[in-house]
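Working notes, structure below.
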Amino acid sequence: MKIFSTIVLFSVSSMFTSGTLFGAVSVFDFEGTSVPSAFSLTGQAGAFSQSITSTNAYAGSQAMMLSLTCNGGSQWATTMNVLPDLVSHVTFSIYDEFASNSPVYYYFFLQDSHDIPLTTIYGLDYTDGGFGPPKSTTVLMFGSNTIPSYTRTIGWHVIDVTIANNSIEYSIDGNFLGTMQTNPSIQIDSVGFGIANWGNTGTNTLLIDSLSITTIPEPSTSLLGLIAFCGLTFRRSRSHSTSNTN
């Protein structure tokens, strides 16, 4: 008997969500006409925008594009999706436009939306020669004392992220990057992407495609769901027993 098992299908920029009492998967292929409203956009000291582009998509014909027009240093733009439950797995494709001598850098981050001010952010940083060791054309893990790196190349790359209670495991194009130890008290419920510059001028873009996010209910929510499940099962069982006493 499939009790409390649901499948919900709806179209928001070609988004598919399937869920049960024990988790849900949201898939964004960005084949719609506009960016899903779940992706909030912020930036600083520069013009920035967010759109669906038909150019250079990883899968299908469109991808989500984050644009940043810079006229000075320390400018950035970030798009973030805050989920109702805890994030356990993320996969996505990212286009690396500058594998070397990059005037900008891209970043992917995970955080606890309730952690204000933000004291802990985990993620990956696509950087050129100016940000953190090792200082050359690498993908870095940040939020960790150890910083393994992966050499950047121009083109699309697939990132796979598995989140446990006290660690995050990263892979790039099927190659293991490393495991980052995390604070178990941090409840990761937000997935974000960003673009920043080193002081260059002009417009740069970040492309994201084929984003899949797996979530699980927070412990308190899971407990309430389990109690409700047991209560309904007991009620059904009792009702069935009563109806068969004659």
Set Phe234, Phe229, Phe131: member being at pLDDT below 70, aromatic (Phe, Trp, Tyr) and part of a loop (DSSP other than H, G, I, E, B): Phe131
Residues (small (Gly, Ala, Ser) and modelled with pLDDT under 90) located in segment 156-177: none
Cβ-Cβ under 9 Å pairs, at least 6 apart or on other chains, segment 31-47 side on the phi > 0 side of the Ramachandran plot and among the hydroxyl-bearing types (Ser, Thr, Tyr), far side surrounded by 14 or more Cβ atoms within 10 Å (Cβ to Cβ) and at pLDDT 90 or above: none
Test result for Tyr105, part of a strand (DSSP E or B), at pLDDT 75 or above and touching a Leu at 6+ places or on another chain (Cβ under 6 Å): no
Yes/no for Leu86 being within 11 Å of Val191 (Cβ to Cβ), modelled with pLDDT of 85 or more and in contact with a strand residue (DSSP E or B) (Cβ under 9 Å, 6 or more places away or on another chain): no
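The values are calculated or read from the model by the stated rules, or taken from the named source; none is laboratory data. No experiment lies behind these values; they were computed from the predicted model shown. Don't worry about glycine lacking a Cβ; one is built from the backbone with ideal geometry, like all the others, and counts go over all protein chains shown.
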